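The values are calculated or read from the model by the stated rules, or taken from the named source; none is laboratory data. All figures in this text were calculated on a predicted structure; none of them were measured in a lab. With ideal geometry, Cβ positions are generated from the backbone for all residues, glycine too; neighbour counts draw on all protein chains shown.
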Amino acid sequence: ESPGALQGKHVVITAGPTREAIDPVRYLSNYSSGKMGYALATAAQAAGARVTLISGPVQLSTPSGVQRIDVITADDMLKATQAVTDMDVFIGCAAVADFRPASMASQKMKKQHGEDSLQLSLVKNPDILAWVAKQSPKPFCVGFAAETQNLDHYAKDKMQRKNLDMIIANDVSNTNIGFNSDHNAVTVFWQNNKKHLEAQSKQSIATEVIGFIAQQTTSQPEE
Ligand code: PMT
């Protein structure tokens with residue numbers, strides 16, 4: 001993709017996991033490292049975009065030239081997203097926890113004598129990507145679908161249900177790629193197109209994906 005392909009565009013990316021507190025010392029989360037989202041931020045910046053990275057707790061340094069907003073919970077991530085103005089492209093790469101504990105215990109939960117099980121009550125978290133896709137004007141919305149089976153079917157279904165412009169299906173059944181790895185292999189769907197990207201570094205997957213997004217969001221100059 002030629003440098004400057006996203007010149008003048010504001011690209012907003014969510015990355016990493018969210019953490020949902022159970023009590024002051026425990027939380028629910030997942031294995032997302034943030035690597036895929038940070039690689040997309042780097043690639044979008046290299047393509048000339050202004051980039052805002054809304055990041056869950058990860059061990060990565062901020063790509064140069066990128067504005068990073070740190071959040072912990074899905075609720076925080078939604079609020080940070082809602083506060084962003086002038087979004088042209090939104091990429092939901094974060095592994096947002098689908099549920100959070102219904103209430104956070106104010107003190108550390110104690111083991112109860114004689115009880116071998118514990119019931120934790122969970123409530124649904126807000127869907128950040130679905131919120132963005134309902135805005136008008138609607139930015140170009142890109143989602144990820146982390147699946148372990150029936151990849152194509154679930155991904156296309158998610159694209160339709162959430163009113164997305166593009167979806168990136170990520171096979172997370174193979175632990176050599178996907179969560180936490182430096183590599184990934186994905187299938188990208190948009191309109192009637194389908195493009196498979198074989199296993200390679202997350203940075204080169206990100207460059208390809210940003211190229212597809214640039215093609216879709218930049219009007220072609222007339223010949
Ligand atoms: O961070 P890494 O270690 O590099 O790993 C990258 C990754 C595997 C986490 C990433 O490539 C990925 O697939 N991210 C999405 C994981 C996911 O939670 O998928 P999902 O099928 O649950 O969600 C579908 C889409 O909706 C995603 O774009 C997600 O960001 C978004 N979503 C989901 C739930 C929610 N409450 N809010 C959301 O915005």
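Here are a few things to note about the model shown:
- Leading residue by the ranking (farthest from ASN30 (Cα to Cα)) among those in the range 141-168 that are within 12 Å of the chain's Cα centre (by Cα) and either at pLDDT 95 or above or exposed (fewer than 14 other Cβ atoms within 10 Å of the Cβ) (or both): CYS141
- Qualifying residue in the range 114-129 (condition: crowded, with 20+ Cβ neighbours inside 10 Å, within 12 Å of the ligand (Cβ to nearest atom) and not in a loop (DSSP other than H, G, I, E, B)): yes
The rows are residues; the columns are (1) within 19 Å of VAL142 (Cα to Cα); (2) over 12 Å from the mean Cα position of the chain (by Cα); (3) modelled with pLDDT of 95 or more.
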site: GLN45; (1), (2), (3): yes, yes, yes
site: GLY48; (1), (2), (3): yes, yes, yes
site: LEU53; (1), (2), (3): yes, no, yes
site: GLN59; (1), (2), (3): no, yes, yes
site: SER64; (1), (2), (3): no, yes, yes
site: ASP70; (1), (2), (3): no, yes, yes
site: ASP98; (1), (2), (3): yes, yes, yes
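- Criterion applied to LEU60, LEU40 was being within 12 Å of the ligand (Cβ to nearest atom), surrounded by fewer than 24 Cβ atoms within 10 Å (Cβ to Cβ), closer than 15 Å to ALA94 by Cβ and among the aliphatic types (A, V, I, L, M), and the one residue passing it is LEU60.
- Residue match in the range 13-27 (condition: touching a strand residue (DSSP E or B) at 6+ places or on another chain (Cβ under 9 Å), at positive phi and within 16 Å of the ligand (Cβ to nearest atom)): yes
- Beta carbons closer than 6 Å, at least 6 apart along the sequence or on distinct chains, pair a first residue in the range 78-103 that is touching a residue at least 60 places away in the same chain (Cβ under 8 Å) with a second that is of a type in the set (Asp, Glu) and more than 8 Å from the ligand (Cβ to nearest atom) for ALA97/GLU20; ARG100/GLU20.
- Contact map, the range 10-29: residues that are more than 17 Å from ALA80 (Cβ to Cβ) paired with residues that are among the acidic types (Asp, Glu), Cβ distance under 6 Å, separation 6+ or inter-chain. Pairs shown: TYR27/GLU20; LEU28/GLU20.
- Residues within the range 77-113 that are in contact with a helix residue (DSSP H, G or I) (Cβ under 7 Å, 6 or more places away or on another chain), in a loop (DSSP other than H, G, I, E, B) and among the β-branched types (Val, Ile, Thr), tallied: 1
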